Amino acid sequence: MKDIKSFNLKELKTEMESLGEKSFRAAQIYKWLHVKLVSDFDSMTDLSEKLRERLKNEYYITNVTELEVQVSKEDGTRKYLFELPDGNTVESVLMKYHHGNSVCISSQVGCRMGCRFCASTIGGVVRSLEPSEMLEQIYKITKDINERVSNVVIMGMGEPLDNFDNVTKFIELISDENGLNISQRNLTLSTCGLVPEIKKLADLHFGITLAISLHAGTDEKRKALMPIANKYSLNELIDACSYYFDKTGRRLTFEYSLIQGENDTEEDARKVASLAKRVSAHVNLIPVNPVTETGFKSSVPDRVNGFKDILEKNGVNSTVRREMGRDIDGACGQLRKRRLV
Ligand code: SAH
């Protein structure tokens, strides 16, 4: 049995041809799956019953099941707990902004990167998600709110570049004009910094925004927070960023979680400014969100503003991220594989 929702239109045409069907059937099926968002073959009413039976024998339609939705009292952010076909669960978050609906999706069940401040990596990785399972998070939310999702950020649970092929396929499918057609300009992929994969991604020439989880201005401090820093130095990371910028013309974002006593000094700010300047990156400051197991505290507001001032004085644009959904543990670094009991 094959996962029909993970095929692009071209592949689906080849599939239909191999079944001896007319290739226009592929466009009909693709539309049912990716525009009308149906969950079973019997809803595809312009296909003959015979063809539907045939499809059922060869393919399955991946669906995720909504187990729980938590709504933030502070800002209306909605956090969804979805069950995947094999019983694993992931979380996704819907944020309503004045410019549209933004969904943060998970790309793996768990994560193997081990960043010390992040809840998603506690307990390691279970498996990577299929393209269809990433699409489904958006499809189910679209149906739930009955409104268009205009922005997607791949910043939920998991390291997207550790699931390279499926994530890039997902990007292709979600931005396909024959599907939901979410513009690549409105897609952001966040990575802790897998250098070879950043270069591979650049070579695909997508128009997406790449966000790099920086979190420190020196290798020494970065190693203390993020195991990946033992594998790739900041120099190698910045080189990869500059390769990405050259190839795609897309400006990068650096994400920087401010943690009290770890990475929030004036010296840290100057170091970050010089790294950001090398690739004209925008810096997104995130006062670190509480995760019970880590014990890290957020920098005080004065520190956050002081940090921002130093960046600005050094000619680097920055914003302090407005954290959404903290009261439902739906903010950055708070997503998990399962419910906390
Ligand atoms: N694995 C990817 C995407 C998931 S994390 C990555 O590392 O980029 C999304 C963002 O939230 C990353 O920048 C991550 O470093 C940050 N983050 C993780 N834990 C956090 C926390 N407790 N508070 C604030 N941001 C956090």
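Before moving on, here are some points about what is shown:
- So Thr142, is it out of contact with any helix residue (DSSP H, G or I) (no Cβ under 8 Å at 6 or more places or on another chain), β-branched (Val, Ile, Thr) and crowded, with 19+ Cβ neighbours inside 10 Å: no
- Scanning segment 84-131 for residues that are among the hydrophobic types (A, V, I, L, M, F, W, C) and touching a Pro at 6+ places or on another chain (Cβ under 8 Å) yields a count of 2.
- Lone qualifier among Tyr232, Tyr256, Tyr243 - being at pLDDT 95 or above and more than 16 Å from the ligand (Cβ to nearest atom): Tyr243
Matching residues to (1) away from the ligand (no atom under 15 Å from the Cβ); (2) buried (at least 17 other Cβ atoms within 10 Å of the Cβ); (3) under 21 Å from the mean Cα position of the chain (by Cα):
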{"site": "Val283", "(1), (2), (3)": "no, yes, yes"}
{"site": "Asp302", "(1), (2), (3)": "yes, no, no"}
{"site": "Lys313", "(1), (2), (3)": "yes, no, no"}
{"site": "Thr319", "(1), (2), (3)": "no, no, yes"}
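- Qualifying residue in segment 201-213 (condition: at pLDDT 95 or above, within 14 Å of the ligand (Cβ to nearest atom) and among the small types (Gly, Ala, Ser)): yes
- For segment 174-200, the tally of residues that are within 14 Å of the ligand (Cβ to nearest atom) and touching a residue at least 40 places away in the same chain (Cβ under 8 Å) stands at 6.
- In segment 12-39, the residues that are assigned to a loop (DSSP other than H, G, I, E, B) and hydroxyl-bearing (Ser, Thr, Tyr): Ser23, Ser39
- Any hit, segment 2-11, residues being in a loop (DSSP other than H, G, I, E, B) and not small (Gly, Ala, Ser): yes
- The lone criterion from (1) within 14 Å of the ligand (Cβ to nearest atom); (2) assigned to a helix (DSSP H, G or I); (3) of a type outside the set (Ser, Thr, Tyr) left unmet by Cys115 is number (2).
- For segment 143-173, the set of residues classified as on the phi > 0 side of the Ramachandran plot and more than 14 Å from the ligand (Cβ to nearest atom) consists of Asn146 only.
- A count restricted to segment 40-74 and to residues that are surrounded by fewer than 17 Cβ atoms within 10 Å (Cβ to Cβ) and assigned to a loop (DSSP other than H, G, I, E, B) stands at 6.
- Subset tally (residues that are modelled with pLDDT of 95 or more and of a type outside the set (A, V, I, L, M)) for segment 88-99: 4
The values are calculated or read from the model by the stated rules, or taken from the named source; none is laboratory data. These figures come from a predicted structure and were not determined experimentally. Here the Cβ is made from the backbone with ideal geometry for all residues, glycine too, and neighbour counts use every protein chain on show.
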